[in-house]
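The values are calculated or read from the model by the stated rules, or taken from the named source; none is laboratory data. Note that the coordinates shown come from a computational prediction; the quantities given were computed from them, not determined experimentally. Note that we place each Cβ from the backbone using ideal geometry, even for glycine, and neighbour counts take in every protein chain shown. We work out accessible area using only protein heavy atoms, side chains counted, and drop any ligands, DNA or RNA first. Shrake-Rupley method; radii C 1.70, N 1.55, O 1.52, S 1.80 Å.
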Amino acid sequence: MATLVRHRWMTVAGVETFYREAGREDAPVLLLPHGYPCSSYEFRNLMPRLADRWRLIAPDFPGAGYSSTPDDFDYSFDGYAAWLEAFVGAMNVDRFVLYLHDFGSPVGARLAISIPQRIVALIIQNGDIPYEDALGPKYAEIEATWTLPRSEMRKVLAEAVREEAFKEEFLNDLLPPLAETIPPDLWKLHWSLITPRRKEIAIDLIAGLKENRAWFPQHRKYLREYRPPTLIVWGPNDHYMPEKSARAYLRDLPDAELHLLGGGHWLLETHLDDVVALMRDFLGRVHAA
């Protein structure tokens, strides 16, 4: 039973929160913040594969997945990081390994900066990187909106919050044979959960990438000063975060273990066996140290 994924709700900082959990409560913890435009659903296949030795916890952020969408929540990277810290506290988790993927990366990294002594290790998988010069070509499209008046920028970004754009996000730069392995459930499910309010939240988050640039030096400083044990598993077929994005982390984490796999941004869909094997080996060494 411990390896089965459990699906639960609880209230965290006033937010009705949905989360998935697997593994024994006394096992070492792996925290799994999700990316955009996804939810904890992205970890549904990974969790039972590691639950024999670890406790895996994957929440849906406020305004995403099956969590609620309160009007008074701060839907920003800072707001999500504060909420994630409250979630960790509500789960009575002391120390944990942190998985950084997509938008979960700037959120999780803020959490790591605020409580560095509680971070056992990092696993980085196609995360939003803190290196301006190593971003993929898709970021140039977002950056091009930054010179527009705020209202015009939001109109342009709103085009990215539609079902066809969600499909493009999940297929990304995959070659046809691998693209066929990406289940349409990913974009169909997550689009079905979009409401007018959630669309505004998504636009705000994408627009917030501009302000997030000012925070890059703090992220790099944390990596450089604390040097947490780090496993980097990367799918290079990624318009947002290609191979150069993965290698950029080695500037501040020269001892990190880097593995470039096939596939792209949603590696847990296409290369789950490879990722699980690498994670089991890495986590085993981290917790044996």
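If you roll a 1.4 Å probe over the heavy atoms of the protein chains, what accessible area per residue do you get for the range 64-163, in Å²?
Values: 3850 Å² over 100 residues.
Heavy-atom SASA per residue in the range 64-163 reads 38 Å².
Using a probe of 1.4 Å on the protein chains alone, the accessible area found for Arg197 is around 90 Å².
Across the range 11-160, the fraction of Cα-Cα pairs farther apart than 22 Å, rounded to a whole number, is 44%. Per the Debye formula on identical point scatterers at the alpha carbon atoms of the range 2-98, with no solvent, log10 I(q)/I(0) at q = 0.11, 0.12, 0.13, 0.25 Å⁻¹ is -0.29, -0.34, -0.40, -1.41. For Lys221, a cut-off of 22 angstrom between C-alpha atoms picks up these lysines, skipping any fewer than 8 places away in its own chain: Lys210, Lys244.
Would you mind counting up the charge near Phe166? Only other residues with Cβ under 15 Å from its Cβ, with Lys and Arg at +1 and Asp and Glu at -1.
Details: positive: Lys138, Arg162, Lys167, Lys188, Arg198, Lys199; negative: Glu42, Asp102, Glu159, Glu163, Glu164, Glu168, Glu169, Asp185, Glu269.
Once all neighbours under 15 Å are counted, the net charge is -3.
Solvent exposure of the range 164-214, expressed per residue, is 50 Å² of accessible area, with all protein chains present and a 1.4 angstrom probe. Working from Cα pairs under 8 Å separated by at least six residues, relative contact order for the range 1-125 is 26 percent. The residues Ile203, Ile194, sorted by heavy-atom accessible surface at 1.4 Å with ligands and nucleic acids left out, run Ile194, Ile203 from largest to smallest. Think of the chain as having a plus end and a minus end, set by charges on the Cβ of Lys, Arg, Asp and Glu; of Trp187, Asn237, Gly35, Gly35 sits farthest toward the positive end of this dipole. Does a label point 7 Å from the Cα of Phe216, set along Cα-to-beta-carbon, have any residues of the range 101-140 with amide nitrogen under 17 Å, and which are they? Zone members listed by number: 102-103, 105-107, 109-110, 127-140.
Sort the chain into rounded, prolate or oblate with this rule: let a ≥ b ≥ c be the square roots of the eigenvalues of the Cα gyration tensor; rounded if a/c is under 1.5, and if a/c is not under 1.5, prolate when a/b is larger than b/c, oblate otherwise. Numbers along the way, then the final one.
Details: a/c = 1.30, a/b = 1.19, b/c = 1.10.
Rounded is the answer for the chain, as its axis ratio a/c remains below 1.5.
Charge dipole of the chain (Cα centre as origin; +1 on each Lys and Arg Cβ, -1 on each Asp and Glu Cβ, all else neutral): 540 debye, rounded to the nearest 20.
Please report, in debye to the nearest 20, how large the charge dipole of the range 203-287 is about its Cα centre when each Lys and Arg carries +1 at its beta carbon and each Asp and Glu carries -1 there.
Values: 11 positive and 12 negative charges, 95 e Å.
Here the range 203-287 has a charge dipole of around 460 debye.
If only the Cβ of Lys and Arg carry +1 and only the Cβ of Asp and Glu carry -1, the dipole of the range 61-130 around its Cα centre is close to 340 debye. Within straight-line reach of Lys199, meaning a Cα separation under 18 Å, sit the following lysines at least 8 residues removed in sequence or on another chain: Lys155, Lys167, Lys188. Within the chain, DSSP assigns beta bridges of which about 35% are antiparallel (rounded to the nearest 5). Applying 0.36 nm per residue to the separation of Ala90 and Ser151 and subtracting their alpha-carbon distance, the gain on full extension is 18.2 nm. Computed over the chain, the per-residue total of -39500 (n - 2.57) for DSSP H runs of n ≥ 4 gives a 222 nm mean residue ellipticity of -11500 deg cm²/dmol, rounded to 500. Expressed as a whole percent, the accessible area of the chain that falls on carbon and sulfur atoms is 52 (1.4 Å probe).
Scanning the chain for long hydrophobic helices, with DSSP H runs required to stretch 20 angstrom or more by C-alpha along their axis and to average at least 0.5 on the Kyte-Doolittle scale, returns 272-288.
Sites listed here are GluC sites (Glu not before Pro) in the range 101-170 whose DSSP assignment is loop and whose Cβ has at most 15 other Cβ atoms within 10 Å: Glu159. Summarised in one figure, the compactness ratio Rg/Rh of the range 216-267, Cα atoms and Kirkwood Rh, is 1.00.
Working out 0.36 nm times the residue gap between Leu193 and Arg162, then minus their Cα-Cα distance, what length gain in nm do you get to one decimal? Intermediate values should be presented prior to the final figure.
Numbers: separation 31, 0.36 × 31 = 11.16 nm, distance 1.15 nm.
Stretched fully, the Leu193-Arg162 segment lengthens by 10.0 nm.
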